[in-house]
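Novice: Sharing a structure here in structure tokens format.
The values are calculated or read from the model by the stated rules, or taken from the named source; none is laboratory data. Values in this document were obtained by computation on a predicted structure and should not be read as measured data. Glycine also receives a Cβ, built like all others from the backbone with ideal geometry; neighbour counts cover every protein chain displayed.
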Amino acid sequence: MKSKQIKRPPKDEAILIAAIRLFLSRGYASTTMDAIAEASGFTKQTLYAYFPSKDKLFTQMIVYLCERPSTYKMPTCNGKETFVNLLYAHGNALLSLITQPEVLAATRLVISESGRYPQIAKLYYESGTQRLVQATTQFLDECNAKKLTNIPNTQSAASYFLAMLKGQYYVRMILGVKPAPSQKNKDAHVRETVIMFEKLYASGAPLKTKSIL
């Protein structure tokens with residue numbers, strides 16, 4: 001699939017960069033709109049013109065982290081590559097995205113603050129996790145359209161693929177367990193995930209799952 005990155009105005013991006021720095025260093029509760037305005041170099045009026053509330057700014061921060069082109073490059077299902085190769089490229093792109101240091105830090109922030117601020121957990125899920133499920137669903141739909149696969153419920157399959165992809169690799173990264181998995185281990189993990197998924201969903205008798213996160 002082709003990633004559709006939003007072209008943001010310079011002020012918008014400067015505010016988001018300041019917000020990332022403050023949210024991830026101070027936490028959600030201790031970060032104020034006043035502090036973000038000061039850190040970004042703009043007036044509070046300008047800040048509110050772009051982001052009318054802290055919740056909306058936090059949501060857009062997550063979206064921004066997931067849209068940066070250096071980490072969000074999904075393959076195009078053009079019918080020329082095999083499904084396994086395409087899914088491997090897709091899995092690599094996803095795992096690289098969710099294990100960026102800033103994305104991991106944002107995830108830890110949401111987990112730590114979710115008890116006091118359940119709304120940010122909901123915002124994170126909708127603007128982060130659900131977007132990745134939707135991207136994977138679209139990718140699988142394109143593979144179905146190109147006759148590379150015949151997956152009955154692509155949204156359900158997409159949620160299972162993401163769950164398998166995270167596995168122990170992601171758990172170690174999010175918990176900061178040392179040593180961190182090597183690039184070789186990451187590649188092996190993605191390949192094994194792809195093999196398991198292909199056997200379950202892209203075989204002659206694809207698994208018909210229904211659960212959707």
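Novice: Would you point out which residue out of Ala37, Ala29 is more than 19 Å from Glu113 (Cβ to Cβ) and of a type in the set (A, V, I, L, M, F, W, C)?
Specialist: The conditions single out Ala37.
Residue by residue, here is whether (1) buried (at least 17 other Cβ atoms within 10 Å of the Cβ); (2) under 18 Å from Leu95 (Cβ atoms); (3) more than 17 Å from the chain's Cα centre (by Cα); (4) at pLDDT 95 or above holds:
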| position | (1), (2), (3), (4) |
| --- | --- |
| Leu148 | yes, no, yes, no |
| Phe161 | yes, yes, no, yes |
| Ala180 | no, yes, yes, no |
| Lys184 | no, yes, yes, no |
| Val194 | yes, yes, yes, yes |
| Ser203 | no, no, yes, no |
| Leu213 | no, yes, no, no |
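Novice: Tell me which residues, restricted to region 177-186, are part of a helix (DSSP H, G or I) and without any contact (Cβ under 8 Å) to a residue 40 or more places away in the chain.
Specialist: Correct list: Gln183, Lys184, Asn185.
Let's see how each residue does on (1) exposed (fewer than 15 other Cβ atoms within 10 Å of the Cβ); (2) in contact with a Lys or Arg (Cβ under 7 Å, 6 or more places away or on another chain); (3) farther than 22 Å from Thr31 by Cβ:
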residue: Asp55; (1), (2), (3): no, no, no
residue: Thr59; (1), (2), (3): no, no, no
residue: Leu65; (1), (2), (3): no, no, no
residue: Asn85; (1), (2), (3): yes, no, yes
residue: Asn92; (1), (2), (3): no, no, yes
residue: Leu104; (1), (2), (3): no, no, no
residue: Glu113; (1), (2), (3): no, no, no
residue: Ile120; (1), (2), (3): no, no, no
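Novice: Restricting to region 72-120, what's the tally of residues that are under 17 Å from Ile62 (Cβ atoms) and among the charged types (D, E, K, R)?
Specialist: Residues that pass the stated criteria total 3.
Novice: Further, regarding this structure: Where in region 56-160 are there helices (runs of 4 or more DSSP H), lying wholly inside it, with at least 3 residues that are touching an Asp or Glu at 6+ places or on another chain (Cβ under 8 Å)?
Specialist: 83-98, 118-124
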